[in-house]
Amino acid sequence: MNLFETFRAQLVTIVGEMIAAKALPTDLNLDRITVEPPRDASHGDLTTNAAMVLAGPAGLKPRELAAKIAEQLQTLPSVMKVEVAGPGFVNFELSVAFWHDQMRDILDQGVAFGDSRIGQGKKVNVEYVSANPTGPLHVAHARGAVTGDALALLLRKAGYDVTTEYYINDAGSQVDTLARSAYLRYREALGETIGEIPEGLYPGDYLIDVGKALAARDGDQWLILEEDQWLAEFRKFSVAAMMDLVRDDLQCLGVVQDVFTSEKALVDAGAVDDVLQTLSDKGLIYIGALEPPKGMKPDDWEPRPQTLFKATEFGDDTDRPLRKSDGSWTYFANDIAYHLDKYRRGFNLMIDVFGADHGGYVKRMKAATTAISGGEAELEIKLCQMVHLMKGGEPMRMSKRSGNFVTLRELIDEVGKDVVRFIMLTRSSDSQMEFDLQKVLEQSRDNPVFYVQYAHARCRSVLRNAQEALSVADLEPSHLAKVPLARIDDPAELELIRIMANWPRTVEAAATAQEPHRIAYYLNDLATQFHGLWNMGKDDARLRFIHSDDRELTLARLALVQAVALVIASGLAVFGVSPMEELR
């Protein structure tokens, strides 16, 4: 339950009753009414702008209308105090019993607390990673993989019907380069000394196994043949091998995508010809010549007739070519066909997670998606900026296995998948980040993954220690939800419950903004409040969680601890991270 939306609904009911009583006119627009946390916590638990947005159309002064609304709010059983503030804001404070009920909701719902229906089952396609199938994934792919996967998990929690997808870019010249590189390793596997890898081929050791596998399967049958006779088979075998490698890497990161779509399969099935016809039928393609790119002198530019898409009609900076000078399709044409395919599969909302080097692709793809769907489909593109991998403050060495980068698998082997996932989500994907392999393993307040996991581990430690005096059944959330909670009344305890009660609103806000990193900020705030309460208990025995001589207080405090553990676990689940039972 998003308590802010709950109180907004109650407020709308109050205003509706005032309209029915003819205290307000009937034509008021109630959509602009909000209920939010006040900027200053001393102003109460909730604040509403209702009087501010309704007073003008109602012909009343804001504070006058605010006083009338405040009078009605005061009749709600969960409202303890109401005040009119400033030019007409209405601030209200909720009862301690209300916050206790919030805690019971957490204990009843468990990690499902925060689940929302704002998505209303709307189908969403989230495409991420989609790296060229030419080698193992590297650190930059890790950020896109984690961002896309966490976004998908977040949207599912918010009630969307999400399909995750990987687009295999297996139709371009880079796949021919992969095939030639594998052929070189195939010759090596058959005993030939290949020497230094020629420039333009992929040098990574990961292709040695591909060459050996081809040699074991086919013997030397390809050695005496010309390239045009072996290229297609080597391309097919190498792409399959690379995609097995990619799937293994992703699985180690906890990423298992629902759909893998082949660019080559789409092209071979005539999807690009289909999209050309679709755009042509809409009058959106023509033969023309483009102006010189920015920064290029006209004398250095040779305009030539091309098949162009009218991208400028949909907000792009220039029209875009669909065919290359040799008559083959551009990557852009293939990508339009792919997005038309997604649209025809029922996805009116598509989210693509791209690397930072695809920034110039954003406007054209959004324009194309609008064009092919007649404005029915929406495309959102998330750009993931660079990750600077460090170790002890120094740039990390390159990988011999990959040839020129640090692989995702090496990163996971170094720090673990949960650390990779959490740290990659501690900042917005559109900002650059440093990932220091030593710092992310430090057990300190400055390490966010440790700080949050430590809060969960502390909760579990308290509950384990409580088993010395209580049964396991006593500590079950379902049992703790029924214990008396009246003695949970310290301001620090109530503030902890307030933060937990804000979890559903955080889920909805993060899902609406499509920003999973907001969850990291929330978890840090929750962990900070819990650690603070823990430390207060060390200094003040009255605030300790377990009191051997007071069963009622102990059970109430353990209910609080159990609730904290459940909300942290719920948040970590959005990140695809397992909560730790104990830290060593």
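Read-outs throughout are calculated quantities, based only on the coordinates presented, and are distinct from any laboratory measurement. Since we're looking at a predicted model, the values are computed, not measured. Ideal geometry is used to build each Cβ from the backbone, glycine not excepted, and the neighbour counts take in all protein chains shown.
With +1 assigned to the C-beta of every Lys and Arg and -1 to the C-beta of every Asp and Glu, and no other charges, what is the dipole magnitude of region 13-80 about the Cα centre in debye, to the nearest 20? Show your work: numbers first, answer last.
Details: 6 positive and 8 negative charges, 40 e Å.
So the dipole magnitude of region 13-80 works out to roughly 200 debye.
Report, in listed order, any pair from LYS391/LYS538; LYS212/LYS391; LYS282/LYS363; LYS264/LYS366 with a Cα-Cα distance greater than 25 Å. Present the calculation step by step, with values, prior to reporting the outcome.
Details: LYS391/LYS538 36 Å; LYS212/LYS391 34 Å; LYS282/LYS363 20 Å; LYS264/LYS366 22 Å.
Distance filter (> 25 Å) returns LYS391/LYS538; LYS212/LYS391.
Let's see if you can work this out: charge +1 on each Lys and Arg Cβ, -1 on each Asp and Glu Cβ, no other charges. What is the dipole magnitude of the chain about its Cα centre, in debye to the nearest 20?
Here the size comes out at about 1060 debye.
Once Lys and Arg get +1 and Asp and Glu get -1 on their Cβ, which of VAL255, THR407, THR47 lies farthest toward the positive end of the dipole of the chain?
THR47
Mind giving me the nanometre distance, one decimal, between the label points for GLU199 and ALA232, set 7 Å out from Cα along Cα→Cβ?
About 3.3 nm, to one decimal.
Counting pairs of alpha carbon atoms under 8 Å apart in space and at least six apart in sequence, what relative contact order in percent does region 3-94 give? Please list the in-between numbers first.
Working: 137 pairs, mean separation 23.8, N = 92.
Over region 3-94, the number comes to 26 percent.
Let me check I've understood the local charge: for GLY16, count other residues with C-beta under 14 angstrom from its C-beta, Lys and Arg +1, Asp and Glu -1. What total comes out?
Residues close to GLY16 contribute a combined charge of 0.
Please name whichever of ALA20, LEU3, ALA70 sits farthest to the positive end of the charge dipole of region 3-94, dipole taken about the Cα centre and charges placed at Cβ: Lys and Arg +1, Asp and Glu -1.
It is ALA20.
Sorted by average packing, counted as other Cβ atoms within 10 angstrom per residue and highest first, what order do 95-107, 309-321, 515-527 take?
Averaged packing, sorted descending, gives the order 515-527, 95-107, 309-321.
Figure the gain on full extension for ALA85 and ASP474 (residue separation times 0.36 nm, minus the Cα-Cα span) and round it to one decimal in nm.
135.5 nm
Taking other Cβ within 10 Å of each residue's Cβ, how do HIS138, HIS43, HIS358 sort, fewest first? Walk me through the numbers before you get to the answer.
On the way: HIS138 21, HIS43 17, HIS358 14.
Lowest count first: HIS358, HIS43, HIS138.
What lysines sit close enough to LYS68 to cross-link, taking a C-alpha to C-alpha distance under 21 Å and skipping anything fewer than 8 places away on the same chain?
Output for LYS68: LYS22, LYS81.
Expected output is a single nm value to one decimal: the length gained when fully extending between LEU543 and LEU223, i.e. 0.36 nm times separation in residues minus the C-alpha distance. What is it? Mind dumping the intermediate values first?
Numbers: separation 320, 0.36 × 320 = 115.20 nm, distance 7.80 nm.
The span from LEU543 to LEU223 would gain 107.4 nm if fully extended.
Rounded to the nearest 5, what is the percent of antiparallel bridges among the DSSP beta bridges in the chain?
Values: 21 of 45 bridges.
Roughly 45 percent of the DSSP beta bridges within the chain come out antiparallel.
Pop a pseudo-label 7 angstrom from the Cα along the beta-carbon direction at both LYS294 and ARG344 and give the gap in nm to one decimal.
3.6 nm
Placing unit charges on C-beta atoms (Lys and Arg positive, Asp and Glu negative, everything else neutral), compute the dipole magnitude of region 444-575 about its Cα centre in debye, rounded to 20.
With Lys and Arg at +1 and Asp and Glu at -1, about 200 debye.
Can you give me the distance in nm between label points at HIS531 and SER95, each placed 7 Å from the Cα along the Cα-to-Cβ direction?
About 3.6 nm separates the two model spin labels.
Quick one: length gained pulling THR318 to ASP274 fully straight, 0.36 nm per residue minus the C-alpha distance?
Gain in length upon complete extension: 13.5 nm.
Excluding THR34 itself, calculate the net charge of residues whose Cβ lies under 15 Å from the Cβ of THR34, where each Lys or Arg counts +1 and each Asp or Glu counts -1. Walk me through the numbers before you get to the answer.
Numbers: positive: ARG8, ARG32, ARG39, ARG505; negative: GLU5, ASP31, GLU36, ASP45, GLU508.
Summing Lys/Arg as +1 and Asp/Glu as -1 gives -1.
For the chain, what does the relative contact order come out to in percent, with C-alpha contacts under 8 Å and a separation of six or more?
17 percent
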